[in-house]
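What follows is a single structure, written as structure tokens, with notes after it.
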Amino acid sequence: MPQASGNLFPRRTAEEKATQYPRILTWSVTGIFMILAFSAIAAGRDFLMPVTMALLLFFVFTPLRRLAERRNIPDGITALVITLSILTTVGIILYAASGPLTRAMDNMPVISAQLERKFESVRESFSGIQDAVRRIDEAQEMDGEDAAEAPAIKVERDGQTTFGTVLSMTPLLMGQILFTMVLLFFMIASGDLLYLKIVQSFDRLREKRSAYLALREIEESLGNYLGAITIINAGLGLAVGLTMWAWGMPGALLFGIGAFVLNYIPYLGAITGVAISGLVALVVMPGLFWPGMVALSYLGLTSLEGQIITPYFVSRRLQMNTVVVFLAVALWAWLWSVIGMVIAVPVLVVLRVLAEHVPGWEKFGNFLAGEDPPPLEDSDETDARDLVESGASAEDHDAARIATRQVMARDHDSTE
């Protein structure tokens with residue numbers, strides 16, 4: 001048990017105490033700014049989502065525009081070809097998925113009835129719990145009869161179905177897609193104008209050069225990441241589609257397209273695909289064993305992709321802290337729903353590149369990085385790793401204090 005006067009934390013000097021309150025004020029202002037920023041991002045989602053998507057796609061396709069420019073192809077023609085290619089690809093995917101989705105919606109009553117029968121045996125195993133809940137409800141109703149009558153509150157639903165909700169959102173979705181493509185067209189057709197304006201906003205030549213190199217690194221990192229992920233997702237979609245076809249699942253093409261799209265969402269996309277495949281297998285296959293095998297096969301393919309293929313083909317320099325990625329996906333899902341989950345990792349890639357070029361952001365970039373973070377300008381990374389590794393083998397708090405004290409003493413001796 002440490003004494004009350006133990007040196008768990010170093011004592012502040014008079015000079016450090018003098019700077020304590022300005023630091024507290026700085027952190028307070030930063031916290032208020034972050035709260036207001038997140039509120040603004042959530043409130044402006046209908047405008048900011050297409051703008052963010054267009055900006056990310058602009059960085060991805062700028063190398064292609066630059067390559068076409070070197071071959072004397074006008075930027076306007078390149079922008080038109082890129083936007084039309086994206087729209088055509090999206091249209092083909094939607095057309096291929098529309099048939100199976102329409103049939104699934106038409107057969108929804110039959111599917112619901114089949115799922116109800118599947119889970120009937122599961123509900124019977126919980127019959128004792130259901131009887132207890134029913135008795136509690138009956139007791140509460142008897143108490144309510146003895147009490148004074150209170151005005152009943154009746155909750156009525158507006159009667160709009162899920163399909164109706166999707167249809168009502170279709171014009172907004174199509175408008176955002178069109179806005180994204182138009183903005184992307186103008187950004188690509190403008191050539192290097194956006195880069196020029198950003199670089200011109202800095203004063204000194206060294207800052208201008210750093211800003212330009214940061215922009216070039218962003219486009220290279222995003223292009224490498226999204227290019228590799230797209231190829232991997234296409235392979236996963238093909239593998240999932242063939243596996244579902246081998247299992248005799250209906251809509252194997254739709255499963256392949258779904259796996260391709262869902263895999264852009266880290267973690268949650270794979271979980272959603274496994275759940276959907278398992279539910280569909282429950283409808284078309286007897287018992288519970290074979291549906292479980294179908295779900296496990298989907299899980300096995302996504303695990304192989306996530307644990308072996310993606311880490312091997314995606315540059316280690318682009319790998320992120322897995323905890324930060326999961327939290328970012330959850331945060332952007334809360335802010336912008338599905339689109340937010342899709343852009344979460346590309347936004348992290350941009351932030352990590354910026355952290356390597358903005359003075360004072362080095363430690364933030366180190367926090368975002370995976371196993372091989374970018375080198376910091378000082379020895380803090382090595383010192384932190386030595387402290388953590390020395391304390392990892394300690395059995396309790398006192399042993400950890402002794403082990404870390406040895407690291408501090410070694411560092412003190414090396415600086416003398």
Footprinting exposure proxy for K197, K363 (fewest neighbouring C-beta atoms within 10 Å first): K197, K363
Fully extended, how many nm does the chain gain between D106 and R71 (0.36 nm per residue separation, minus their Cα-Cα distance)? 7.5 nm
Classified through the alpha carbon gyration tensor (a ≥ b ≥ c as square roots of its eigenvalues; rounded if a/c is under 1.5, else prolate when a/b is larger than b/c, else oblate), the stretch 177-316 comes out prolate
A chain fully extended from L213 to T230 at 0.36 nm per residue, minus the present Cα-Cα distance, gains in nm 3.6 nm
Built amide H within the under 5 Å cut-off of A369, gap 5+: N321
Suppose R0 equals 35 Å; then what is the FRET efficiency for Y195 and R405 from their Cβ-Cβ distance, rounded to the nearest 0.05? 0.10
Here the FRET efficiency for F186 versus W361, based on Cβ atoms and R0 = 30 Å and rounded to 0.05, is 0.50
So what is Rg over Rh here for the stretch 31-106, counting just Cα atoms and using Kirkwood for Rh? 1.18
Viscosity 1.002 mPa s, temperature 20 °C, Stokes-Einstein D of the stretch 236-336 from Kirkwood C-alpha radius, µm²/s: 149 µm²/s
Distribution output for the stretch 319-362: share of Cα-Cα pairs per 10 Å bin in percent, first bin at 0, values 30, 47, 21, 1
Linear extension gain, I309 paired with S98, 0.36 nm per residue minus alpha-carbon span: 72.9 nm
Counting other C-beta atoms within 10 Å, which of M244, M293 has the fewest, and how do the rest follow? M293, M244
Can you work out the PRE-style zone for I35? Point 7 Å along Cα to Cβ, and I want the residues of the stretch 322-352 with backbone N under 19 Å. 335
Packing-wise, with mean Cβ within 10 Å as the measure, how do 251-257, 201-207, 321-327 rank, highest first? 251-257, 321-327, 201-207
Let's test the formula: R0 of 25 Å, r as the Cβ-Cβ distance of W245 and L173. What FRET efficiency results, to the nearest 0.05? 0.25
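We did not get these values from a lab; they are worked out from the coordinates using the rules stated. Keep in mind that what you see is a predicted model, and the values were worked out from it rather than measured. In this analysis, Cβ positions are derived from the backbone assuming ideal geometry, glycine residues included, and neighbour counts consider all displayed protein chains.
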